[in-house]
Amino acid sequence: MLNLVLFGPPGAGKGTQSQKLIEKYGLIHLSTGDLLRGEISQGTKLGLEAKKLMDEGALVPDAVVIGMISNKLDANKEAKGFIFDGFPRTVAQAEALDSLLESKQSAISGMIALVVNDDELEHRLLLRGKDSGRPDDANPEVIRKRIKEYNDKTAPVADFYQAQHKLKSINGIGSIEDIFGAITGIIQSY
Ligand code: B4P
């Protein structure tokens with residue numbers, strides 16, 4: 001199985017590159033952001049609780065996202081592999097993911113981190129916010145809070161995979177095609 005963690009700050013291009021990777025490799029795309037927005041649009045209890053935190057730029061509790069990922073892994077037992085996009089976002093989520101995969105005799109193949117500076121992130125997210133309708137993209141203060149949450153809680157997840165010799169970082173600034181080329185180059189080496 002090819003199990004890839006696509007990593008990076010908000011707006012780094014994880015969702016953009018995931019779309020291209022699922023087309024090329026036929027993997028199942030698991031984006032916790034998309035799963036949470038699905039819960040919100042269906043008006044579930046979980047969605048209502050998540051919405052408040054997401055609109056503020058805060059992370060949703062670990063137990064909620066770990067439960068969602070566990071359900072998706074169970075529902076896709078025959079998959080060739082998974083792209084984890086926006087998950088894990090805390091070290092506790094990374095530990096839980098390792099345990100979940102181990103219980104299925106599987107493991108993370110590697111993490112690819114997209115490196116993008118804060119000014120470019122803010123610019124991209126504000127641009128997307130003009131027509132995405134996403135409240136968390138519309139307000140510069142919320143965007144800065146998301147970047148701070150990333151630096152405080154999510155950045156240490158890279159160290160977690162580095163300790164397992166699974167981290168590869170690439171420049172996330174440049175054309176979408178060039179960045180995709182760099183990612184597929186790494187995947188060929190797995
Ligand atoms: P997510 O939905 O995961 O989204 P994201 O971090 O905003 O974006 P991504 O990096 O995927 O950016 P994209 O490719 O779209 O998270 C939203 C919220 O959900 C979080 O703040 C949190 O509250 C909650 N959440 C989700 N997962 C969680 C978890 N595991 N634990 C707790 N809470 C969780 O790119 C952004 C823009 O850049 C796009 O407009 C794109 O067109 C553009 N772009 C992409 N590549 C580009 C390039 N090379 N050049 C120029 N522009 C580019």
Partner aspartates and glutamates for Lys52 [C-alpha distance under 13 Å; skip if fewer than 8 residues away on the same chain]: Glu39, Asp136
Under Karplus coefficients 6.51, -1.76 and 1.60, residue-wise ³J(HN,Hα) of the range 65-70 in Hz, glycine/proline x: 6, 5, x, 5, 5, 4
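To two decimal places, what compactness ratio does the range 63-190 give when its Cα radius of gyration is scaled by 2.2 N^0.38 Å?
Numbers: Rg = 16.1 Å, N = 128, 2.2 N^0.38 = 13.9 Å.
Rounded to two decimals, the normalised Rg is 1.16.
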Counting DSSP beta bridges with both ends in the chain, the antiparallel % (nearest 5): 0 percent
Two-site label geometry, Ala163 and Tyr190: point separation in nm, points 7 Å out along Cα→Cβ: 2.2 nm
Relative contact order computed over the range 20-73 (Cα-Cα under 8 Å; 6+ residues apart), in percent: 27 percent
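In the neighborhood of Ala163, defined by Cβ-to-Cβ distances under 13 Å, what is the net charge if each Lys or Arg adds +1 and each Asp or Glu adds -1?
On the way: positive: Lys166; negative: Glu95, Asp98, Asp159.
Local charge sum for Ala163: -2.
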Relative contact order (%) - the range 67-141, alpha-carbon pairs under 8 angstrom, separation at least six: 14 percent
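Order of 43-52, 108-117 by packing, highest average Cβ count within 10 Å first?
Ranking the peptides 43-52, 108-117 by packing returns 108-117, 43-52.
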Most mobile of Gln17, Gln164, Gln93 in a GNM of the chain (Cα contacts under 10 Å): Gln164
Global geometry of the range 72-131, whether rounded, prolate or oblate, following the gyration tensor of its Cα atoms and the 1.5 cut on a/c: prolate
Over the chain, relative contact order from alpha-carbon pairs under 8 Å, at least 6 apart, %: 32 percent
Test item: Cα-centred dipole of the range 10-117, Lys/Arg +1 and Asp/Glu -1 on Cβ, debye: 280 debye
Simple Cβ-charge dipole of the range 35-175, Lys/Arg +1 and Asp/Glu -1, about Cα centre, in debye nearest 20: 300 debye
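Can you give me the Rg/Rh ratio for the range 24-79, using Cα atoms for both radii and the Kirkwood formula for Rh? Each step should come with its number before you reach the end.
Working: Rg = 12.4 Å, Rh = 12.1 Å.
That ratio is 1.02, to two decimals.
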Residues of type lysines that Lys104 reaches as a straight line, Cα spacing below 24 Å, ignoring anything fewer than 8 places off in the same chain: Lys72, Lys77, Lys80, Lys166
Span from the the range 95-132 Cα centroid across to the the range 137-190 one, whole angstrom: 6 Å
Separation of the Lys130 and Ile40 label points, Cα + 7 Å toward Cβ, nm: 2.1 nm
Computed [θ] at 222 nm, helices only, for the chain once each DSSP H run of length n ≥ 4 contributes -39500 (n - 2.57): -17500 deg cm²/dmol
In Hz, Karplus ³J(HN,Hα) per residue of the range 54-61 (6.51, -1.76, 1.60; θ = phi - 60°; x = Gly, Pro): 5, 5, 8, x, 8, 7, 7, x
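Send over the semi-axes of the range 1-113's equivalent ellipsoid, whole angstrom and largest first, taken as the square roots of 5 times the C-alpha gyration tensor eigenvalues.
Details: eigenvalues 96, 51, 38 Å².
For the range 1-113, the ellipsoid semi-axes come out as 22, 16, 14 Å.
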Long-range amide H partners of Ser169 with built H, under 5 Å: Ala113
Candidates Gly26, Gly133, Gly11, ranked by Gaussian network fluctuation over the chain, Cα under 10 Å, top entry: Gly133
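Each reported figure results from applying straightforward, stated rules to the coordinates on display, with no laboratory input. Just so it is clear, the structure is predicted and the values come from calculations on it, not from any experiment. Every residue, glycine as well, gets a Cβ built from its backbone with ideal geometry; the counts of neighbours run over all protein chains shown.
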